[in-house]
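Asker: Here it is: the structure, laid out below.
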Amino acid sequence: WTREVIMDDGVDGSNLEVSTSFGFEKKAVKSEIPTFNILADEEFLPFKENTFDLVVSSLSLHWANDLPGAFRQIYYVLKPDGVFLGAMIGGDTLYELRCSLQLAEQEREGGFSPHISPYTAATDLGNLLGQAGFNLLTLDTDEIQVNYPGMFDVLEDLKGMGESNCSWNRKPLLHRETMLAAAAIYHEMYGHDDGSVPATFQIFYMIGWKPHESQAKPAKRGSGTVSFSDIGRVHELQSSPTENENP
């Protein structure tokens, strides 16, 4: 999508794709824009300061061990007035599976440990971007619900996507009885009438700009001329003469 927009706007430049997966360059999509593929870690980007006009990250930052550091790295390589566009998995992802496993493990084994990868909360995301130096922030969220025949199908799909639990302190296994109890709880609490169960994926979308003198600046405190209490009368106030004008 980004490449198509660049081509439509007639921008002259090059595209650089970074991945932590070996062999990803063999699967790269051919483009009319010169594209270079680099194997690197988003927490240690091998680029100089003020290198790129645009950095795009799509559903990979939830794997970063140091998310604040990754945001600082992205800010560092952007040029002034450069923009960061990102999408990442949000904190409410797979809440149905998380709750079902916790309840079953607490009941059967007297305690529970994390079995779903940790994700970032929406309230933390804006703070992290601001601390990294970005301004003119825009954040949005979306939820995608996918239906499965049962809990075990959810787990199989997560394994196929490479999105299994990455927590270091996770338990090496769950007992069979606990898994069966979790599947029953999942269906009882969240199941549909047709027997399927939902799995929710929350996606955060973010835009952040590296500061530049040409960017819009907020007005000085106290410079406003209209009260919020009069917001419903904006059109009336705009059409009527001001206090300082003679009728």
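The values are calculated or read from the model by the stated rules, or taken from the named source; none is laboratory data. Small disclaimer: the values here were computed from a predicted structure and weren't measured. Glycine gets a Cβ as well: all are built from the backbone with ideal geometry, and neighbour counts include every protein chain shown. Note: accessible area is taken over every heavy atom of the protein model, side chains too, but ligands, DNA and RNA are not part of it. Shrake-Rupley method; radii C 1.70, N 1.55, O 1.52, S 1.80 Å.
Asker: Determine which single condition residue 33 fails, assuming it passes every other condition in (1) at pLDDT below 60; (2) hydrophobic (A, V, I, L, M, F, W, C); (3) over 24 Å from residue 140 (Cα atoms); (4) in contact with a Gly (Cβ under 8 Å, 6 or more places away or on another chain).
Answerer: Going through (1) at pLDDT below 60; (2) hydrophobic (A, V, I, L, M, F, W, C); (3) over 24 Å from residue 140 (Cα atoms); (4) in contact with a Gly (Cβ under 8 Å, 6 or more places away or on another chain) one by one, residue 33 breaks only (1).
Asker: Where residues in the stretch 101-146 are hydroxyl-bearing (Ser, Thr, Tyr) and under 30 Å from residue 80 (Cα atoms), which of them is most open to solvent (accessible area, probe 1.4 Å)? Give the derivation first.
Answerer: First, the residues of the stretch 101-146 that are hydroxyl-bearing (Ser, Thr, Tyr): 113, 117, 119-120, 123, 138, 141.
With the extra rule that they be under 30 Å from residue 80 (Cα atoms), the set shrinks to 119-120, 123, 138, 141.
Numbers: 119: 47, 120: 26, 123: 106, 138: 73, 141: 73 Å².
So the residue we want is 123.
Asker: Any idea which residue in the stretch 72-100 is farthest from residue 41 (Cα to Cα), counting only those that are open to solvent by 10 Å² or more (accessible area, probe 1.4 Å) and in contact with a helix residue (DSSP H, G or I) (Cβ under 6 Å, 6 or more places away or on another chain)?
Answerer: 89
Asker: Sticking with this one: Looking at (1) part of a helix (DSSP H, G or I); (2) at pLDDT 65 or above, which is the one condition that is false for residue 3?
Answerer: Answer for residue 3: the failing condition is (2).
Every residue, every condition in (1) in a loop (DSSP other than H, G, I, E, B); (2) farther than 17 Å from residue 59 by Cβ; (3) among the acidic types (Asp, Glu); (4) modelled with pLDDT under 90, yes or no:
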{"residue": "93", "(1), (2), (3), (4)": "yes, no, no, no"}
{"residue": "98", "(1), (2), (3), (4)": "no, yes, no, no"}
{"residue": "108", "(1), (2), (3), (4)": "no, yes, no, yes"}
{"residue": "112", "(1), (2), (3), (4)": "yes, yes, no, yes"}
{"residue": "123", "(1), (2), (3), (4)": "no, yes, no, yes"}
{"residue": "131", "(1), (2), (3), (4)": "no, yes, no, no"}
{"residue": "141", "(1), (2), (3), (4)": "no, no, no, no"}
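Asker: Six or more apart or on different chains, Cβ under 6 Å: which pairs go from a residue in the stretch 95-124 that's more than 17 Å from residue 166 (Cβ to Cβ) and touching a residue at least 60 places away in the same chain (Cβ under 8 Å) to one that's open to solvent by less than 60 Å² (accessible area, probe 1.4 Å) and among the polar types (S, T, N, Q)? Could you list them?
Answerer: Correct list of pairs: 104/178; 105/178; 108/178.
Asker: Let me ask you something else. For residues that are part of a helix (DSSP H, G or I) and free of Cβ contacts under 8 Å to residues at least 40 places away in the same chain, scanning just the stretch 163-183, find the one that is least open to solvent (accessible area, probe 1.4 Å).
Answerer: 180
Asker: Which number in (1) open to solvent by 50 Å² or more (accessible area, probe 1.4 Å); (2) farther than 25 Å from residue 54 by Cβ; (3) in a loop (DSSP other than H, G, I, E, B) marks the one condition that residue 213 misses?
Answerer: Every listed condition holds for residue 213 apart from (2).
Asker: Now for a separate question. Could you please let me know if residue 199 is among the hydrophobic types (A, V, I, L, M, F, W, C), in contact (Cβ under 8 Å) with a residue 12 or more places away in the chain, in a strand (DSSP E or B) and over 30 Å from residue 53 (Cα atoms)?
Answerer: Details: among the hydrophobic types (A, V, I, L, M, F, W, C): yes; in contact (Cβ under 8 Å) with a residue 12 or more places away in the chain: yes; in a strand (DSSP E or B): yes; over 30 Å from residue 53 (Cα atoms): yes.
Answer is yes for this residue.
Asker: Further question on the same structure: Checking residue 236 against (1) of a type in the set (D, E, K, R); (2) touching an Asp or Glu at 6+ places or on another chain (Cβ under 9 Å); (3) at pLDDT 90 or above, which test does it fail?
Answerer: So residue 236 meets the others, but not (3).
Asker: Restricting to the stretch 125-156, and then to whatever is free of Cβ contacts under 8 Å to residues at least 60 places away in the same chain and acidic (Asp, Glu), can you tell me which residue is nearest to residue 78 (Cα to Cα)?
Answerer: Among those residues, the one meeting the criterion is 156.
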